[in-house]
Amino acid sequence: MALAGEELTEKIDQLVDQQVTRMEPIKRGKNSCVFKIDCGDEVYVAKHFFQHESDPRDRLNVEFNSLSFLWQHGVRNIPQPLTSDTESGLALYEYVQGEPVSRDEISKNDIEAAVSFLGELDTLKAEAWNENLPNASEACFSIPEIVKNIKLRLRRFENVTAPHEFMTALNHFLKDKFRPTFGEIICWCEQSCIDHGAACDAVLPLQYRTLSPSDFGFHNALRTSTNSIVFVDFEYFGWDDPAKVASDFLLHPGMELSKNHQTFFLDQFQQRFDFIPDLTWRVELLRLLFGLKWCMIFLNEFLPVDAARRNFTTNSPMITEEKLAAQLYKAHTMLRRIQDDYEGQFAGRHS
């Protein structure tokens with residue numbers, strides 16, 4: 001149910017149950033629109049979620065229920081959830097006064113705060129089992145699951161349409177660049193498992209899984225006036241593989257951590273999750289596969305559902321040629337990064 005104009009305003013009025021004096025858009029992401037709601041003495045955040053028949057993920061209830069669970073168990077560096085309305089796709093949260101975390105200002109203290117937060121989530125596993133929390137969005141607990149996910153994403157590009165020059169460029173990238181690298185890395189992962197004495201199709205045991213926002217990093221965080229970090233956006237929250245959590249934190253294009261910060265994060269993360277066998281090796285292995293998945297994510301702009309999502313969040317269903325070119329460039333850049341990691345660091349070491 002997509003709301004706009006007076007209908008959206010009326011629904012937010014009902015949700016707040018106060019006199020709204022001002023409603024200001026503060027963020028338009030790919031899956032939601034976020035508004036600052038001023039009620040005089042009180043300020044809130046209202047989040048309106050994108051919903052589409054081709055994307056069945058229940059982002060609103062996943063985020064609201066997850067934040068409610070965390071808040072009830074004492075986690076405080078998150079926004080407090082207040083109320084929600086599934087039918088209208090709206091949720092109301094505490095307004096956090098803060099600024100986006102600048103890439104240039106990320107410090108070791110910030111990275112320690114991020115790892116500490118992940119560690120705090122991990123301590124709630126027993127309570128989470130009782131609450132029957134879901135898996136994180138697209139959580140994969142074995143190598144075959146990850147490979148299957150990437151293949152499914154690849155298949156979505158078989159019938160897409162775009163201006164001729166971009167279809168030519170897209171098909172060239174997928175056929176001549178991506179697929180050969182994907183096949184080579186799959187073979188290397190299988191051989192690495194054999195060399196390591198591990199089953200390639202092994203499923204990560206329940207006791208080694210953790211709770212994660214999934215889309216986790218400083219791109220989804222605010223820095224308060226006291227220099228503390230508040231983490232936001234939990235619409236993909238759930239049970240996840242710690243190696244995936246680490247991989248996405250390192251790979252996410254919204255952060256671009258320096259090499260020193262990447263190394264520091266890995267050191268801190270491995271110390272916090274040192275009870276997980278072979279974690280260092282698994283992060284090295286899975287980071288290659290999740291990097292390939294990121295290539296596919298960048299190319300989502302070519303898919304019809306993303307046109308509907310853009311129309312919801314920006315009121316502009318048309319995608320520009322510049323945007324297509326930019327996303328192709330990002331996919332090429334990520335693929336080169338994964339190829340460099342594979343060829344320069346891993347292939348020689350484990351061959």
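The values are calculated or read from the model by the stated rules, or taken from the named source; none is laboratory data. Predicted model, so just to flag it, every value in this text is computed and none were measured. No Cβ is skipped: glycine too gets one built from the backbone with ideal geometry, and neighbour counts run over all protein chains shown.
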Residue hits (region 192-248; crowded, with 20+ Cβ neighbours inside 10 Å, of a type in the set (S, T, N, Q) and over 24 Å from residue 80 (Cβ atoms)) are 192, 247
Residues of region 187-224 being hydroxyl-bearing (Ser, Thr, Tyr) and in contact with a strand residue (DSSP E or B) (Cβ under 9 Å, 6 or more places away or on another chain), in sequence order, are 210, 212, 214, 224
Open item on the list: With the structure loaded, tell me whether residue 270 is modelled with pLDDT of 95 or more and surrounded by fewer than 19 Cβ atoms within 10 Å (Cβ to Cβ) or whether it fails that test.
Closed with: yes
Taking region 191-233 and keeping only residues that are closer than 20 Å to residue 104 by Cβ and among the charged types (D, E, K, R), one is left with 223
Here the residues within region 71-86 that are in a loop (DSSP other than H, G, I, E, B) and at pLDDT 95 or above are 73, 74, 75, 76, 77, 78, 79, 80
Every listed condition ((1) aromatic (Phe, Trp, Tyr); (2) over 17 Å from the mean Cα position of the chain (by Cα); (3) surrounded by 15 or more Cβ atoms within 10 Å (Cβ to Cβ)) holds for residue 117 save (2)
The number of residues in region 87-122 that are within 16 Å of residue 231 (Cα to Cα), in a helix (DSSP H, G or I) and charged (D, E, K, R) is 5
In region 24-55, anything of a type in the set (A, V, I, L, M) and modelled with pLDDT under 90 is listed as 26
Among (1) farther than 30 Å from residue 202 by Cα; (2) touching a His at 6+ places or on another chain (Cβ under 9 Å); (3) among the hydrophobic types (A, V, I, L, M, F, W, C), residue 124 falls short only on (1)
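Let's see how each residue does on (1) modelled with pLDDT under 90; (2) surrounded by fewer than 14 Cβ atoms within 10 Å (Cβ to Cβ); (3) in contact with a Leu (Cβ under 7 Å, 6 or more places away or on another chain):
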| position | (1), (2), (3) |
| --- | --- |
| 284 | no, no, no |
| 300 | no, no, no |
| 313 | yes, no, no |
| 320 | yes, yes, no |
| 327 | no, no, yes |
| 331 | no, no, yes |
| 335 | no, no, no |
| 341 | no, no, yes |
